[in-house]
1. What is the percent carbon and sulfur in the accessible area of the chain, measuring with a 1.4 Å probe over the protein chains and ignoring ligands?
2. If you wrap the chain's Cα atoms in a convex hull and average its projection over all directions, what's the area in nm²?
Amino acid sequence: MPSSSTTPTSETLTAWLTERLAVHARTNPEDIQPDVPMASYGLDSVTTVTMLVEIEDELGFPLDPNVPWDYPTIDALTGYLMGEARRHDKTDAQDG
């Protein structure tokens, strides 16, 4: 997912998160199910935090450290991140 100042689509964000999870879980993206908890793929807390930092870098805003635990599936995380990205885009537009 290319970094940009615009809100990503849900599909693009889901695909990107799936790819990142697959890399960290050392599996194929096709094996990742968006409604299965990410911890089911063998992620430990260090890897989960690493993914959180990647998400922050990609989206360009900080996230609460509990986000991966509060939104444990790709589907849930995508929904949350889409709302946050829209909120940050509105804030950036108002500030600009």
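The values are calculated or read from the model by the stated rules, or taken from the named source; none is laboratory data. Quantities reported herein were computed from a predicted structural model and do not represent experimental measurements. Heads up: the accessible areas ignore ligands, DNA and RNA and are worked out on the full protein's heavy atoms, side chains in. Shrake-Rupley method; radii C 1.70, N 1.55, O 1.52, S 1.80 Å.
1. After summing per-atom areas, the C and S share lands at 50 percent.
2. So the Cα hull casts an average projection of 5.7 nm².
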